[in-house]
Amino acid sequence: MTRQRADLLFTGGPILTMDPARSRATSLAVTGGRITAVGHDEVKDLAGPGTEVVDLRGRLLLPGFQDAHVHAVMGGIELGECDLTGTVDPGEYLRRVRAYAGAHPEREWITGGGWSMESFAGGTPTREALDAAVPDRPVYLVNRDHHGAWVNSRALELAGVTADTSDPSDGRIERDDRGRPTGMLQEGAMILVGRLLPARTREDRIAGLLRAQKMLHGLGITAWQDALVSGSDGYPDVSDAYAAAAADGSLTATVVGALWWSRARGEEQIPDLLDKRERLTRGRLRCTSVKIMQDGVAENFTAAMTAPYLDACGCATANSGLSFVDPEALPGYVTALDAHGFQVHFHSLGDRAVREALDAVEAARAANGWRDTRPHLAHLQVVHPDDVGRFRALGATANMQPLWAAHEPQMDELTIPFLGPERAAWQYPFGDLLRAGTTLAAGSDWPVSSADPIEGIHVAVNRVLPGGDGKPFLPEQALDLSTALAAYTAGSAYVNHLDDTGCLRPGNRADLVVLDRDPFAGPAAAIAETSVHITYVDGTRVHTAPHA
């Protein structure tokens, strides 16, 4: 063992290393931002006069969490707007909208979001309710999934959206029985109004990033992959915020930025992506991934399925969802991206979208050989059993959002009845993917849902929401606690190509989190009671909870 004195020494509690060769230790030393020793009493000999000794007091030390699919800048911006999260009461939504509008008379538009589809019949609110709350200004509120927007009549009027307006190819205007827009815009139809929103400034985006970073560090997150950095097709470009923070050192997390694949363009956009990768990769930021959004979401019937959705009577409809990128062209696009060394990050929620993404990865492997590009498929709500084994065979990582794998009204009322019993049983098959040898990573999709890894881990293990005591959702797909923690640490580190993180071994970066307890010491039902006390990035403390 090296006799170099430690800058930082942890002792007095359990240490979960995520190293299969030595999963548990009781002492860990850090020097120069790197782990220099992991072990037991012998590590204490590295303490010197200048060593900061952290007494864990029985608390668990483990690698910093990494979020493999998050929208940090947009989440941070939304924290400063009309926030509708934390309730499903339509009356409360309107109270908050009125209060926000009253507190911000200078705002030309009232923007924000976080409302839940379960709050409204059929998942679709109406413009009339917003008209009563804000009659004089346009209102644009995205739902918690960010696949739909609730707007008032003034917003529709300004956008020129009427009964005569056609649905875009990648979205839908919800209409009443006379064909008039109801105030709910799905998927690509959001841009019909969204394009009129006042442009957010570079300063707004930087403030949003720093607000999000503080929150994410407070949840023990030391690195992440932002799933939409350079936008188009109506999605915002937030790359300037990351570039500025990476340049001036205010970006303390390590970030992989996923560049957006425009579904309105083809392979001719690759030179632009190469240019962005070159320009935006600096400091703690690497824009080495490309996000392809292959489909929508099940609740509004835009997730791409291999068989049609059912109607409220249980009969097959003519709708099997949307493939946003032509599945015939997708393999060629992915093969070209892979040849240029890009990782491809798929949004693939329905079983047809999952299959189309895997087919594209298979084509890239056949054409280019196995390159270290580490493709991953996010969301995976419905996976056909025939495709489960293909993940391991193709080296495609399953990027889970575990918090969604639970019974709740959005699942029980807006999804399961329209999938049917057989297909509903194919949802979030984390256990089957693990047993098939798939590499698992995990993320939150915040601000779509909570960014707290502990909450996601709780659901991955229990298949019940935190605080819930109902029936577990497909409990045979549950993961054990070690596997769930590994997905949020070593698994996401693998996806992010951060091979010197995610595992506590000598030479690795000291990205660390101290929990308030050892969750292995209590019942699985109490995992969500765990909280983060301290977070370190490269051995530097970036978060300390009160009374930690």
(request) List the DSSP H helices in the chain whose Cα atoms stretch 18 Å or more along the helix axis and whose mean Kyte-Doolittle hydropathy is at least -1.0. (result) 90-103, 202-218, 351-368
(request) Calculate how many DSSP beta bridges within the range 1-136 are antiparallel, expressed in % of all such bridges and rounded to the nearest 5. (result) 60
(request) Give, as a single signed number, the net charge of other residues whose beta carbon lies under 14 Å from the beta carbon of L358, with Lys and Arg counted +1 and Asp and Glu -1. (result) -3
(request) Please give the net charge around H547, taking every other residue with its beta carbon less than 13 angstrom from that of H547, where Lys and Arg add +1 and Asp and Glu add -1. (result) +1
(message) Just want the ordering: Y309, Y536, from fewest to most Cβ atoms lying within 10 Å of their own Cβ.
(response) Y309, Y536
(request) Take every DSSP beta bridge whose two residues both sit in the chain, then give the antiparallel share in percent to the nearest 5. (result) 45
(message) How many angstrom lie between the Cα centre of the range 47-108 and the Cα centre of the range 319-359?
(response) 32
(message) Restricted to Cα positions, what overall size does the range 65-119 have along the principal axes? Three whole-Å values, descending.
(response) 38, 28, 15
(request) Classify the range 109-194 as rounded, prolate or oblate from the Cα gyration tensor: take a ≥ b ≥ c as the square roots of its eigenvalues, call it rounded if a/c is under 1.5, otherwise prolate when a/b beats b/c and oblate if not. (result) rounded
(request) Place +1 on the Cβ of every Lys and Arg and -1 on the Cβ of every Asp and Glu in the chain, take the dipole about the Cα centre, and give the residue among V43, V297, T544 whose Cα lies farthest towards its positive end. (result) V43
(message) For a quick check: sort H340, H147 by the number of other beta carbons within 10 angstrom, fewest at the front.
(response) H340, H147
(message) Relative to 2.2 N^0.38 Å, what does the C-alpha radius of gyration of the range 365-518 come to as a ratio? Two decimals please.
(response) 1.09
(message) Please give the Cα centre distance for the range 198-223 versus the range 469-548, rounded to the nearest Å.
(response) 21
(request) List the lysines whose Cα lies under 21 Å from the Cα of K276, skipping any in the same chain that are fewer than 8 positions away. (result) K291
(request) Take every Cα-Cα distance within the range 448-548, group them into 10 Å bins from 0 onward, and report for each bin the whole-number percent of pairs it holds. (result) 14, 41, 34, 10, 0
(request) Determine how many Å³ per residue the convex hull of the Cα atoms of the range 221-310 encloses. (result) 122
(message) Just to be sure I understand, if you calculate mean projected area of the Cα convex hull in nm² for this structure, which of (1) 25.3; (2) 37.1; (3) 27.8 do you get?
(response) (1)
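Values in this text are rule-based calculations from the coordinates and carry no lab data. Everything quoted here is computed from the prediction, not taken from an experiment. Counting neighbours? That spans all protein chains shown, and the Cβs are built from the backbone with ideal geometry, glycine included.
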